[in-house]
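Structure first, then comments.
Rule-based calculations on the coordinates, nothing more; no lab input. Worth saying up front: this structure is predicted, and the values here are computed from it rather than measured. Don't worry about glycine lacking a Cβ; one is built from the backbone with ideal geometry, like all the others, and counts go over all protein chains shown.
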Amino acid sequence: MWYYVENGQQRGPVVDADLDTLRREGKINSETLVWRDGMENWLPLSQVQPSLATAAPVAGATAGAGGGVICSECGKVFPVSEVIRYGNVWVCANCKPVFVQKLREGVTVSSGPLEFAGFWTRFAAYFVDSIITGILGAIVGGVIGAVMGAAGATKGGAAGIIAVQLTAMIVSLGIRAAYFIYFIGKDGQTPGKKMCKIKVVNPDGTQVSYGKATGRFFGYILSSMICGFGYFMAGWDEEKRALHDRLCDTRVIKL
Ligand SMILES: [Zn+2]
């Protein structure tokens with residue numbers, strides 16, 4: 001377990017592998033002070049690297065100098081013969097069951113390349129979701145209309161009818177919001193996206209938060225303005241991002 005200093009604050013504990021990740025992400029460098037149990041003083045990372053190297057050599061190069069490779073799960077070094085390769089990451093025999101389990105659960109391997117879903121796949125998913133939310137909205141809207149009608153709202157003339165329509169509109173927007181925010185925040189997949197085997201993720205492949213899912217929903221609204229121009233942006237973006245993906249820094253990937 002390592003502790004390190006970031007912006008004058010002590011952080012940690014993290015394991016060797018995390019230290020590598022932090023270095024790769026540029027959050028720490030060779031000058032960063034690190035400490036672990038048993039060390040007398042905090043030392044720059046560059047000075048503890050020799051000891052770190054025995055456990056987990058410098059990241060960046062997956063193939064270590066001694067001909068070994070780093071397991072992407074535990075961060076330890078193994079001979080090439082003892083690891084399996086998945087995309088551009090290596091996994092040791094010990095970590096393989098956990099790794100495979102993660103793959104099954106749809107956890108994206110952060111160091112692997114993301115495969116972005118194209119416009120038509122996303123359109124198909126969106127189409128399915130629109131039908132589902134449309135049906136839900138029609139049912140709930142119908143009930144509300146009937147209840148308000150029975151309560152005499154429509155007897156007030158035009159104003160009453162507008163009130164009923166307005167309520168139905170707000171409710172249907174509420175249903176869409178709840179649907180998209182719940183499913184995207186839960187596991188990045190609405191039923192439509194599940195069907196099309198695509199998923200909303202952060203740029204590093206991790207699960208988006210409910211907060212981000214909420215922001216993204218409002219991004220949808222922006223994207224649908226100007227005749228859906230925001231959606232079409234996914235058609236020519238190099239990472240296939242629609243306007244709402246750009247705004248919320250999300251990606252849609254193939255599973
Ligand atoms: Zn391992």
Open item on the list: Between N94 and L136, what is the label-point separation in nm under the 7 Å Cα-to-beta-carbon projection?
Closed with: 4.5
Task: Restraint check, K96/K240; K199/K240; K27/K212; K27/K186; K102/K240, Cα-Cα greater than 21 Å - done: K96/K240; K27/K212; K27/K186; K102/K240
Open item on the list: Cut-off under 13 Å on the C-alpha distance; same-chain residues fewer than 8 positions from K193 excluded. Which aspartates and glutamates are left, in chain and number order?
Closed with: D129
TODO: Pop out the ³J(HN,Hα) list for the range 15-23 in order, Karplus 6.51 cos²θ - 1.76 cosθ + 1.60 with θ = phi - 60°, rounded to Hz; leave Gly and Pro as x.
DONE: 8, 3, 5, 5, 4, 4, 4, 4, 5
Task: Per-pair calculated FRET efficiency, R0 = 41 Å: A124 and M169 via Cβ, rounded to 0.05 - done: 0.95
TODO: List the residues whose amide H sits under 5 Å from the amide H of S72, counting only those 5 or more places along or on another chain, with H placed 1.01 Å from N in the peptide plane.
DONE: W90, V91, C92
- [ ] Using 0.36 nm per residue of separation minus the Cα-Cα distance, give me the extension gain between D187 and W42 in nm, one decimal.
- [x] 48.2 nm
TODO: Subtracting the Cα-Cα distance from 0.36 nm times the residue separation, let me have the gained length for R11 to R104 in nm, one decimal.
DONE: 30.3 nm
TODO: For W2, list long-range residues whose amide hydrogen, built 1.01 Å from N in the peptide plane, is under 5 Å from its own amide hydrogen.
DONE: V14, V15
Open item on the list: If I take every Cα pair under 8 Å that is 6 or more residues apart in the range 138-203, average their sequence separation and divide by the length, what percent do I get for the relative contact order?
Closed with: 24
